[in-house]
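A short reminder: the numbers here are calculations on the coordinates, not readings from a lab. For clarity, every value in this text was computed on a predicted model and none was experimentally measured. Reconstructed Cβ throughout: ideal geometry from the backbone, glycine too, with neighbour counts over all protein chains shown.
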Amino acid sequence: MTSSPKITKVSPGPAPPPAVVNSLDAVVRDFLAHLAVERGVSENTSAAYRRDLARYAEFVRSRGIESLDGVTEAEVGSFVAALGTGKTTGRPM
């Protein structure tokens, strides 16, 4: 009597990092990799960071900024204000 090989289920793991389109995307990708590899954050935490950083990157791109060097304190403040009014998500935080 031969036994069947044991099949183990493997979880898919975290979603792949975003494709690099510009230097802002590269910074986001590298930070997400740092969180996963160096800090060992959970998949849920990684996914939350990915969503939040994608939202922020889209916000600064909408203002014509394509690199981290172009982000100013005023841009960060504008993003925080937009979060408070719901302009980035459709509902205020």
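Before moving on, here are some points about what is shown:
- Within-15-Å neighbourhood charge of Val37 [Cβ basis; K, R +1; D, E -1]: 0
- Among the trypsin sites (Lys or Arg not before Pro) in region 25-93, those located in a DSSP loop and surrounded by at most 15 other Cβ atoms within 10 Å of their own Cβ are Arg63, Lys87.
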